[in-house]
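The values are calculated or read from the model by the stated rules, or taken from the named source; none is laboratory data. Predicted, not measured: the structure shown is a model, and the values here were computed from it. Methodologically, a virtual Cβ is constructed for each residue, glycine included, from the backbone with ideal geometry; neighbour enumeration extends over all protein chains shown.
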Amino acid sequence: MSDAIPEFSKSKSGDGQDVSLSNLSAFASGPGIKSGKEVAAILAVAVIIIGGIELALRLFHVPLYIMPPPSSIGYALFDEFPLIAPHLGYTLVELVSGFAIGAVIGLVLSAVITQFPFAEKIVAPYILLLVTTPMLALVPLLILRFGFGYTPRIIAVALAAGPMVMINAATGFRRVDSAKIALARSYGASTLQIFWKIRAPMALPMILVGLMIGAIFGLLTAVGAEMVGGGFGLGNRLTTYSSMIQMPQFFAVVLILSMLGILIYVLFFLIGKKWASWEA
Amino acid sequence: MNAGEATTPKLGVQAATKIYHTASGDLLALDRCSLDVRANEIVSIVGPSGCGKTTLLWSMSGLHSLTSGEIRLDGKAITGPHPDIGIVFQEANLLPWRNLDANIRFPFEIKGEKPDRAWIAHLLNRVGLDGFGGKFPRELSGGMQQRAAIVRALALKPSVLLMDEPFGALDSFTREEMNRLVEEIWLDTKTTIVFITHSIEEAIFLSDRVVVLSARPGKVAKEYRVPFARPRSLEIMATKEVFDLTNRIKMDIVGERTRPKAPERPSAEIVRIRP
C-alpha cells in the first residue's frame, strides 16, 4: 500500500481552483439578483444609447445600407420574424444536437481520463490542439464529405463544444479533496460511490462552466458553418440579407443571435445558482 | 476504566510501524508504536508537530494500512474502514454541496441503509442544532460545522470515535464549549474516544489518559492518567494538579521537539505529497 501522508491544506479545499460562474459575467455581480433601481438604470442606459444612435443616424442622414436606425431594425425584426423563425429553428436543431453529442462525449472522456493521470498527461497536448483549433475551418471539408444538410454542421458544433466541455470538466474532476474521499472511504464507499457522491459534485461548478463555454462556441460554429454553405439557418440569413443589402433584416438576425447567446448564458447561470451555489 | 488490565482492549495498537514511500525517499512515520484503549475510555494523543498522530489515527480507522504491526478492534485485526469506528476530521469536512440533513444522511447513503431518524434527531438536539437541517455548511459557524460533523460521525452508532484535532481551527471559547459537549456526549453514549489534539488543556480536560508521542518516528513516549471525576467543570482546570500536569506534558513535548532528529530524515514540512 502506498498511502499518502495525511495532509490537510490549511486553507479550504480545492484552493486556487475555486470557480464561480459569476466570474464569467459582466452583468451579474454580487448576489445576481438586481434591485429595481439597478434594473431601471440598466434600462435607462439602453434607452439613451438606442435613442442616441437613432437620433444621430437620422440627424446625419446616414444611408440605410450603411447603418439602419434601431427603429427600422425593430420593425424588421417584427415584420420578418415569421420568415426568420424557421431558420432560428434550424440553427437551434444544429446547436442542441451538436452540443448534446459533444458535451456527452466530452464529459465521459474527462471523467475517464482524469482517473488515469499518466494517460491524461499523454493526451493533454492533443486536447489542447482540439480546443484551440477553430473547428469552423473544417466545415468546407465536412460539407464536401457530408453534403449541405444538417450533418456537417452538427459535427462541427460537436467538435467545437466537446473539447471545451472536456477541458473544463477535467479541471473539475481533478480537484481531489483527500479528506472528503477519506470520509467516504471511512464508510466503506466503493470507487463508483466516491465518483458519484464526491468527485462529481465537486466537479459540477467547472462542468457547468465548460457546458456554458461549449454552448457559446457551438452557437458560433453553427452560425459560421451556415454561412459557409447550405441554404438554411440564421448564418445563411445573414449572408442572404447582406448580399441583398437588406440591412434592417440583417441586424434583426444579429439581434436574435445576441439574444440566443444571452439566453445560453442565463440558462447556465440559473442552473449554476441552483446546483452549484455552494461554491460561490 | 476499572475493567481491569487483563481484558481485551477495545482498540489495541501493537507495534504499529508505518513507512511512507515518497519521492524524496522513505519516511518512517510510526515506529513500533503500541497503545491500548479500553472500552468507554477517552484517550488523548498529544505530541510535537509531524510526530505521526494523524497517521496513527488514520491507521486506527483502517483508512491507512500499516507497514507492519497490527491494530485490533475488540481483538480482531482491522484491515480496512470499519462500521464500528466513527471519525471526526480536522475542520469539520462537511460536504459543502449538501445541507446539514443531507450531510448527516451521507453515511447511511453510502451504506445503503435507512437513516435512523429518531437517533439523528436526538443527536442534533444534543449538540444544539435543532432546526438547522436545511442550512448549508457555509451558512454555519466553525463550531456549528464541527457539531454537525460529530453528529455525522455518531449517526451509525459506532462504538469507537476517532477525533483528529477536531477543534484546532476554533477559537478558545468555542473550543471549551465543544470540549464540554464531547464530555456530555460521552456521558450519554459512553463511546470510546481517541482524541488527537495540539492543546494540552483540551487533552487533560477530556481524557482519562493522555498519551505523549515522541517526535518522528512516533512511538509512545509517556502516558499520564487524569484522575478527575466526570462531569468535570472548568474549575478543575485552575487547580494546581492540572497546572503541574500541563507543565509536565509540555516539557515532555518540548523535550521531544528539541531532541536532535536523525539527519537523514526530512522534516514534515519538507515532505508533503499530493495524492
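Of the residues A:Y265, A:Y241, the single one that is within 16 Å of A:A215 (Cβ to Cβ) and at pLDDT below 95 is A:Y265. Within the range A:109-131, being in contact (Cβ under 8 Å) with a residue 12 or more places away in the chain and touching a Leu at 6+ places or on another chain (Cβ under 9 Å) holds for A:I127, A:L130.
Close contacts from the range A:142-156, counting a first residue that is closer than 14 Å to A:G231 by Cβ and a second that is polar (S, T, N, Q), with Cβ to Cβ under 9 Å and a gap of 6+ residues or different chains, come to A:Y150/A:S97; A:R153/A:T91; A:R153/A:T221.
The one condition from (1) away from chain A (no Cβ under 13 Å); (2) buried (at least 19 other Cβ atoms within 10 Å of the Cβ); (3) part of a loop (DSSP other than H, G, I, E, B) that B:L95 does not meet is (1).
The residue that is nearest to the other protein chains (Cβ to nearest Cβ), counting only those in the range B:16-50 that are farther than 19 Å from B:D252 by Cβ and acidic (D, E), is B:D26. In this entry, A:V108 passes the filter for residues that are over 30 Å from A:T239 (Cβ atoms) and assigned to a helix (DSSP H, G or I).
Out of the range A:155-183, which residues are in contact with a helix residue (DSSP H, G or I) (Cβ under 9 Å, 6 or more places away or on another chain), assigned to a helix (DSSP H, G or I) and either of a type in the set (S, T, Y) or facing chain B (nearest Cβ under 7 Å) (or both)? Answer for the range A:155-183, where residues must be in contact with a helix residue (DSSP H, G or I) (Cβ under 9 Å, 6 or more places away or on another chain), assigned to a helix (DSSP H, G or I) and either of a type in the set (S, T, Y) or facing chain B (nearest Cβ under 7 Å) (or both): A:T171, A:K180, A:A182, A:L183.
None of A:F217, A:F146 is under 19 Å from the mean Cα position of the chain (by Cα) and away from chain B (no Cβ under 14 Å) except A:F217. Restricting attention to the range B:15-54, the residues that are of a type in the set (S, T, Y) and either modelled with pLDDT of 90 or more or in contact with a strand residue (DSSP E or B) (Cβ under 9 Å, 6 or more places away or on another chain) (or both) total 5. Just one residue in the set B:E113, B:E165 is surrounded by fewer than 17 Cβ atoms within 10 Å (Cβ to Cβ) and either of a type outside the set (S, T, N, Q) or touching a Leu at 6+ places or on another chain (Cβ under 9 Å) (or both); that residue is B:E113. For the residues B:S65, B:S59, the requirement of being small (G, A, S), at the interface with chain A (Cβ under 7 Å from one of its Cβ atoms) and within 25 Å of B:K10 (Cα to Cα) singles out B:S65. Look at (1) crowded, with 20+ Cβ neighbours inside 10 Å; (2) touching a strand residue (DSSP E or B) at 6+ places or on another chain (Cβ under 8 Å); (3) among the aliphatic types (A, V, I, L, M); (4) within 14 Å of chain A (Cβ to nearest Cβ) and you find that B:L100 fails only one, number (2).
Given the condition more than 9 Å from chain A (Cβ to nearest Cβ), surrounded by 15 or more Cβ atoms within 10 Å (Cβ to Cβ) and of a type in the set (A, V, I, L, M, F, W, C), answer yes or no: does some residue in the range B:73-81 qualify? Among the residues of the range B:73-81, at least one is more than 9 Å from chain A (Cβ to nearest Cβ), surrounded by 15 or more Cβ atoms within 10 Å (Cβ to Cβ) and of a type in the set (A, V, I, L, M, F, W, C), which makes the answer yes.
Somewhere in the range B:112-127, is a residue out of contact with any Cys (no Cβ under 9 Å at 6 or more places or on another chain), within 9 Å of chain A (Cβ to nearest Cβ) and either more than 21 Å from A:T191 (Cα to Cα) or at pLDDT 90 or above (or both)?
Here is the first cut: in the range B:112-127, the ones out of contact with any Cys (no Cβ under 9 Å at 6 or more places or on another chain) are B:112-127.
If we keep only those that are within 9 Å of chain A (Cβ to nearest Cβ) as well, we get none.
No, because not a single residue in the range B:112-127 is out of contact with any Cys (no Cβ under 9 Å at 6 or more places or on another chain), within 9 Å of chain A (Cβ to nearest Cβ) and either more than 21 Å from A:T191 (Cα to Cα) or at pLDDT 90 or above (or both).
Looking only at the range B:154-184, how many residues end up being under 15 Å from the mean Cα position of the chain (by Cα) and among the polar types (S, T, N, Q)? Final tally of qualifying residues: 2.
Within the range B:57-70, at least one residue is over 25 Å from A:A184 (Cβ atoms) and either outside any strand (DSSP E or B) or in contact with a Ser or Thr (Cβ under 8 Å, 6 or more places away or on another chain) (or both). Go through the residues of the range B:143-154 one by one and say whether even a single one is away from every other protein chain (no Cβ under 14 Å) and surrounded by fewer than 16 Cβ atoms within 10 Å (Cβ to Cβ). Checked against the condition, which is being away from every other protein chain (no Cβ under 14 Å) and surrounded by fewer than 16 Cβ atoms within 10 Å (Cβ to Cβ), the range B:143-154 yields no hits at all.
One residue is enough: does the range A:100-116 have a residue meeting the conditions assigned by TED's automatic domain parsing to the domain that holds A:F250, of a type outside the set (A, V, I, L, M), surrounded by 17 or more Cβ atoms within 10 Å (Cβ to Cβ) and closer than 30 Å to A:V253 by Cα? Yes. In the range B:82-92, of all residues being more than 9 Å from every other protein chain (Cβ to nearest Cβ) and crowded, with 22+ Cβ neighbours inside 10 Å, the one that is modelled with the highest pLDDT corresponds to B:V88.
Of all the residues in the range A:184-212, those that are hydrophobic (A, V, I, L, M, F, W, C), without any contact (Cβ under 8 Å) to a residue 12 or more places away in the chain and within 9 Å of chain B (Cβ to nearest Cβ) number 1.
One line per residue, one yes/no per condition, for (1) farther than 16 Å from A:A169 by Cα; (2) hydroxyl-bearing (S, T, Y); (3) touching a strand residue (DSSP E or B) at 6+ places or on another chain (Cβ under 8 Å):
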| site | (1), (2), (3) |
| --- | --- |
| A:S190 | yes, yes, no |
| A:M202 | no, no, no |
| A:A222 | yes, no, no |
| A:G230 | yes, no, no |
| A:L234 | yes, no, no |
| A:Y241 | yes, yes, no |
| A:F251 | yes, no, no |
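The residues in the range A:256-280 that are more than 26 Å from B:K135 (Cβ to Cβ) and surrounded by fewer than 16 Cβ atoms within 10 Å (Cβ to Cβ) can be counted, and the count is 7.
Does A:G188 count as in contact with a Gly (Cβ under 9 Å, 6 or more places away or on another chain), crowded, with 23+ Cβ neighbours inside 10 Å and in the same structural domain as A:L138 (by TED's automatic domain parsing)? Taking the combined requirement at face value, the residue does not satisfy it. The single condition among (1) surrounded by 17 or more Cβ atoms within 10 Å (Cβ to Cβ); (2) closer than 21 Å to B:G142 by Cα that B:D171 does not meet is (1).
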